[in-house]
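The values are calculated or read from the model by the stated rules, or taken from the named source; none is laboratory data. Small disclaimer: the values here were computed from a predicted structure and weren't measured. Cβ atoms come from the backbone with ideal geometry, glycine included; neighbour counts cover every protein chain shown.
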Amino acid sequence: MIEDDPGYIILHSKRNVTRFQILVEIAEHQPAIRQQEIAVMLGVTPQAISEYIRDLIDEGMIKASGRGRYEVTREGIEWILQNAETLENFAKHVRHDIIHQITVWTAIADEDLKAGDRVGVYMKSSILYASRRQTSANGEVAMDTPKGEETGVIRLDGIIEHSESIVQVCKVPRVERGGSRSVDLDNLKEVIKTVSFVACVGLEAWVSLKKIGRVPDLYFGSREGAIDAALHGIPSAIVIVDEFFTDFLRQLEQAELSYEIHDLLSP
């Protein structure tokens, strides 16, 4: 077991954890750092820090070049690196071997499923489904589930295949620049015909959609909704007032989504 590895002694010794923290603090702030500052950072008494530092000096881990001036020696750096690697390996063990086992993915049962069934997990109509058909991502059913109800899938391995949609970004002017009265409604109608989800930002955008007979699917929280829909592969458009346009493009780029821009200002 990983706990039996001698390298993991730091995880079972509060003293070694504190020594590690002290060495890291000194390394980060050397050479001018006072024991009082280290005590505040670690939440322990100055007396305790003084004892630790005295021991670390005796062991050759740090050297003192005057009051309040400490430096980590080569031996100290090697000890930090060794234990940092230990902590990093333990964190990987937690993420990959432990959390991986208890993470539960929610999916719709595409057929009657029994606890323990090996299933594939896949996107269908932008919704996550699970069935006994093996796919690029496979896991284990956590509970008996009739078809059509949500189930939990654990020990999921692989990558769930899905495609993202391109967001159609339709820019309309603010009211003082003409608002919906300056929108090329024919162009707007053509764009909207190509998508199944429409969001809008601003009353000028809402009125423009009303003029072509389209009620937006989302008004409040529309920017986040348009991004979420596109990430799930739903063909999406957002009709947005020009003052919010640039910030929304930044959000799309952060989400690494592709988009097409339609400037709807009438010629």
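Going by the structure shown, is L264 touching a Pro at 6+ places or on another chain (Cβ under 6 Å) and buried (at least 18 other Cβ atoms within 10 Å of the Cβ)? Explain how you work it out, then say what you get.
Values: touching a Pro at 6+ places or on another chain (Cβ under 6 Å): no; buried (at least 18 other Cβ atoms within 10 Å of the Cβ): yes.
It is false that L264 is touching a Pro at 6+ places or on another chain (Cβ under 6 Å) and buried (at least 18 other Cβ atoms within 10 Å of the Cβ).
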Practice problem: Being in contact with a Gly (Cβ under 8 Å, 6 or more places away or on another chain), under 29 Å from A230 (Cβ atoms) and hydrophobic (A, V, I, L, M, F, W, C) is the filter; apply it to the range 137-167 and report the residue that is surrounded by the fewest Cβ atoms within 10 Å (Cβ to Cβ). | Solution: I154
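A quick yes/no check of all residues on (1) assigned to a strand (DSSP E or B); (2) small (G, A, S); (3) under 34 Å from the mean Cα position of the chain (by Cα):
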| residue | (1), (2), (3) |
| --- | --- |
| E161 | no, no, yes |
| E164 | no, no, yes |
| V169 | yes, no, yes |
| E176 | no, no, no |
| S180 | no, yes, no |
| N187 | no, no, no |
| T194 | no, no, yes |
| A199 | yes, yes, yes |
Quiz item: So I192 fits all but one of (1) closer than 17 Å to I240 by Cα; (2) aliphatic (A, V, I, L, M); (3) free of Cβ contacts under 8 Å to residues at least 40 places away in the same chain; what number is the exception?
Solution: (3)
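Scanning the range 226-254 for residues that are among the hydrophobic types (A, V, I, L, M, F, W, C), touching a strand residue (DSSP E or B) at 6+ places or on another chain (Cβ under 9 Å) and farther than 22 Å from R174 by Cα, which turns out surrounded by the fewest Cβ atoms within 10 Å (Cβ to Cβ)? Spell out how you get there, then give the answer.
Residues of the range 226-254 among the hydrophobic types (A, V, I, L, M, F, W, C): 226-227, 229-231, 234, 237-241, 244-245, 248-249, 252.
Still in the running and touching a strand residue (DSSP E or B) at 6+ places or on another chain (Cβ under 9 Å): 226-227, 229-230, 234, 237-241, 244-245, 248-249, 252.
From the residues that got through so far, the ones that are farther than 22 Å from R174 by Cα too are 227, 229-230, 234.
Details: I227: 21, A229: 25, A230: 25, I234: 17.
Selected residue: I234.
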Quiz item: What single numbered condition from (1) exposed (fewer than 12 other Cβ atoms within 10 Å of the Cβ); (2) hydrophobic (A, V, I, L, M, F, W, C); (3) assigned by TED's automatic domain parsing to the domain that holds E243 fails to hold for V175?
Solution: (1)
Exercise. State which residue is modelled with the highest pLDDT when the search covers only the range 218-267 and only residues that are more than 25 Å from S125 (Cβ to Cβ) and part of a loop (DSSP other than H, G, I, E, B).
Key: L264
Quiz prompt | Qualifying residue in the range 51-68 (condition: in contact with a Pro (Cβ under 8 Å, 6 or more places away or on another chain), without any contact (Cβ under 8 Å) to a residue 40 or more places away in the chain and not polar (S, T, N, Q)) | solution = no
Practice problem: Of the conditions (1) at pLDDT 85 or above; (2) not assigned by TED's automatic domain parsing to the domain that holds D228, V183 clears all except one; give me its number. | Solution: (2)
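Filter the range 208-242 for residues that are on the phi < 0 side of the Ramachandran plot and more than 28 Å from the chain's Cα centre (by Cα) and give the result. Walk me through how you get there before you give the answer.
Within the range 208-242, the subset on the phi < 0 side of the Ramachandran plot is 208-212, 214-220, 222-232, 234-242.
Scanning the range 208-242 gives S208, L209, K210, K211, I212, R214, V215, P216, V241, D242.
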Quiz item: Does the range 136-145 hold any residues that are closer than 26 Å to E164 by Cβ and part of a loop (DSSP other than H, G, I, E, B), and which are they?
Solution: S136
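For residues that are within 11 Å of I238 (Cα to Cα), out of contact with any Ser or Thr (no Cβ under 8 Å at 6 or more places or on another chain) and either among the aliphatic types (A, V, I, L, M) or part of a loop (DSSP other than H, G, I, E, B) (or both), tally how many sit in the range 206-216.
The first filter runs over the range 206-216 and keeps only residues within 11 Å of I238 (Cα to Cα), leaving 206, 209, 216.
Filter again for out of contact with any Ser or Thr (no Cβ under 8 Å at 6 or more places or on another chain), leaving 206, 209.
Next cut, either among the aliphatic types (A, V, I, L, M) or part of a loop (DSSP other than H, G, I, E, B) (or both) only: 209.
Qualifying residue count, the range 206-216: 1.
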Exercise. Starting from the range 94-118, take each residue that is farther than 10 Å from R155 by Cβ and list its partners that are modelled with pLDDT under 95 and exposed (fewer than 13 other Cβ atoms within 10 Å of the Cβ), counting only C-beta distances under 7 angstrom and pairs at least six apart or across chains.
Key: I108/I127
Quiz item: Which of (1) modelled with pLDDT of 95 or more; (2) closer than 30 Å to K211 by Cβ does S126 not meet, given it meets every other one?
Solution: (1)
Quiz prompt | Single match in G152, G148 (criterion: outside any strand (DSSP E or B) and outside the structural domain of V195 (by TED's automatic domain parsing)) | solution = G148
